[in-house]
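In what follows, a single structure is set out as structure tokens and then discussed.
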Amino acid sequence: MMKVKKNYIYTLFVAVLLGLTLLWGCGTDNSASAGKEDASREEQTGQEPGDDTESGQEEGTDADPGQAEGTDSEAIQIGDFSMEDIQGELYTQEMFGEYQVTMVNVFATWCGPCVREIPDLEKLKNEMADQGVNVVGIVLDTIDQSGGEDQEAVEKARILAEQLEVTYPFLIPDEGYLGGILLGIQAVPTTFFVDQEGKILGKAYQGSLSLEDWKSIVETKLEEAAQ
């Protein structure tokens, strides 16, 4: 009887854990870029290889993109980059200069929680545009394990953008993975905020949130950007 009880408890625990993952976020494997992860991250953030922390799946989990969770450091400056969106339009670091705060949502086409929150992110962009807020998506799975463009994922992202009537860009990661920042992402969606000078504001958020929660966070980021 004791063995049966233990098995039941274990099964219940696994079911709850899977439920949280389906609700708020999906784990992701960055093995496609593992060969250059350590060198790039050490160069960008000063973090020694092997300092990664486990990423949470809970709603609103905080984590620093490109560095260990919970560490204090100066704001990360995003350097020069060049990314194409799924329609072939080119975007560079200059896009941040046009807005007070840019919300960067890193997601994958196969992630249910990622897809479900996209309509809310579109609403947020439209409703807060007059406050200098923009939204940008980065589709992590549009790069395959060899570092090349995954055409099937790109097409899925195009269909997704069309079906959900998304007006903000879905970007394909560049060769440098946004200065190595994307290499530290272990769960999607992961969202971080960038000010007008291209600096990341505070920690990133792992997991999906409601529209009202995101609005509250963006208001805080606007205050931070104004300081």
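How high is the FRET efficiency from Glu155 to Asn126, r the C-beta distance, R0 25 Å, rounded to 0.05?
So, using R0 = 25 Å, E works out to roughly 0.45.
Rounded to a whole number, what % of the accessible area of the stretch 145-227 do carbon and sulfur atoms account for, probe 1.4 Å?
Looking at the stretch 145-227 in its full context, I get 42 percent from C and S.
Taking only C-alpha pairs under 8 Å that are 6+ residues apart, what is the relative contact order of the stretch 149-227 in percent?
19
Step through the residues of the stretch 78-89 one at a time and calculate ³J(HN,Hα) from phi using the Karplus curve (6.51 cos²θ - 1.76 cosθ + 1.60, θ = phi - 60°), rounding each to whole Hz and writing x for Gly and Pro.
Couplings: 7, x, 5, 8, 9, 10, 9, 8, 5, 9, x, 7 Hz.
Once fully extended, how much extra length lies between Asp80 and Ser146, figured as 0.36 nm per residue of separation less the alpha-carbon to alpha-carbon distance? Walk me through the intermediate numbers first.
Values: separation 66, 0.36 × 66 = 23.76 nm, distance 2.31 nm.
Going from the current span to full extension adds 21.5 nm.
Output wanted: per-residue J couplings in Hz (rounded whole) for the stretch 191-198, from phi through Karplus 6.51 cos²θ - 1.76 cosθ + 1.60, θ = phi - 60°, x for Gly and Pro.
Going residue by residue, I get 10, 9, 10, 10, 8, 5, 8, x Hz, with x marking Gly and Pro.
With every protein chain kept in place and ligands, DNA and RNA left out, what is the accessible area per residue of the stretch 141-184? Probe 1.4 Å, answer in Å².
Accessible area per residue, the stretch 141-184: 49 Å².
Each residue of the stretch 213-227 in turn: what ³J(HN,Hα) in whole Hz from Karplus with 6.51, -1.76, 1.60 and θ = phi - 60°, glycine and Pro shown as x?
Taking θ as phi minus 60°, the curve returns 5, 5, 4, 4, 5, 4, 4, 5, 5, 4, 5, 5, 5, 7, 6 Hz for the stretch 213-227.
Considering only Gly179, Gln196, Gln206, whose Cα is most displaced toward the positive end of the charge dipole of the stretch 179-227, charges sitting on Cβ of Lys, Arg (+1) and Asp, Glu (-1)?
Sorting the options by dipole projection puts first Gly179.
Tell me, in nm to one decimal, what length is gained between Leu211 and Glu98 on full extension, where the rule is 0.36 nm per residue of separation less the Cα-Cα distance?
In short, 38.4 nm is gained.
Just flag the GluC sites (Glu not before Pro) in the stretch 128-227 sitting in loop per DSSP whose Cβ has no more than 15 other Cβ atoms within 10 Å. Show your work: numbers first, answer last.
Numbers: sites: Glu149, Glu152, Glu155, Glu162, Glu165, Glu175, Glu197, Glu212, Glu219, Glu223, Glu224; in loops: Glu165, Glu175, Glu197.
In loop regions of the stretch 128-227 (DSSP not H, G, I, E or B), the sparsely surrounded GluC sites (Glu not before Pro) are Glu165, Glu175, Glu197.
The values are calculated or read from the model by the stated rules, or taken from the named source; none is laboratory data. All of these numbers come straight from a predicted model, not from anything done at the bench. Here Cβ is always computed from backbone atoms with ideal geometry, including for glycine, and neighbour counts include all displayed protein chains. Ligands, DNA and RNA are stripped out before the accessible areas are found, and what is left, the full protein with its side chains, is counted by its heavy atoms. Shrake-Rupley method; radii C 1.70, N 1.55, O 1.52, S 1.80 Å.
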